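Trainee: A single structure is presented below for examination.
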Amino acid sequence: MIHDFIMHVMCPFIGTIGYAVLFNIPKKFYLCCGFTGAAGWLIYHAVVSMNASAVTASFFGTLAVVLTSRVLSVRKKCPIIIFLVSGILPLVPGAGIYYTVYYMVTNQLAEAVLRGMESVKTAFAIVLGIVLVLSIPGGIFQLVSTEKGARQRRG
């Protein structure tokens, strides 16, 4: 049980940092990028373990990634894209797209359509999650950051 939990946190954490390195993100943001990817995958895995579909889990995982990215971008005073692009990659339906093409090449068209539709629905869930969170006014995240800073200065 604990081994599975560690694997579901560490693998996306390390993988997300790998993408951050690939995208030439400054080194000081590597841990935050890893945290963002791990948070999204952890939410994804929790929703899937409650017998929800991969599409639903991708939506909630995306919400976690985008919320985390917005908060970190305000706290670290950098663009949200630094955390969002690398953090969202563990949720991208790469295997579904691969199997869609595989089944098309092997002339198993019914299975290709099934996998392709699942991948498209997952991609739309990711887009919907990003748009939903990014439509929240940025001032809310600045207020949260300002309140935390004021509490730290007082305490």
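Only the coordinates and a few stated rules stand behind these numbers; no lab work does. Small disclaimer: the values here were computed from a predicted structure and weren't measured. Backbone-built Cβ (ideal geometry, glycine too); neighbour counts: all protein chains shown.
Trainee: Taking the range 40-56 as the region of interest, how many residues are without any contact (Cβ under 8 Å) to a residue 60 or more places away in the chain, in a helix (DSSP H, G or I) and not hydrophobic (A, V, I, L, M, F, W, C)?
Mentor: Qualifying residue count for the region: 4.
Trainee: If you check Val66, Val92, Val71, Val101, which single one turns out to be over 22 Å from Phe5 (Cβ atoms), touching a residue at least 60 places away in the same chain (Cβ under 8 Å) and surrounded by fewer than 19 Cβ atoms within 10 Å (Cβ to Cβ)?
Mentor: After applying the criteria, what remains is Val71.
Trainee: How many of the residues making up the range 8-39 are part of a helix (DSSP H, G or I) and surrounded by fewer than 11 Cβ atoms within 10 Å (Cβ to Cβ)?
Mentor: 3
Trainee: Another question, if that's okay. Which of the residues spanning the range 104-135 are closer than 30 Å to Leu72 by Cα and either of a type in the set (S, T, N, Q) or surrounded by fewer than 13 Cβ atoms within 10 Å (Cβ to Cβ) (or both)?
Mentor: Within the range 104-135, Ser119, Thr122, Val127, Val131, Ser135 qualify.
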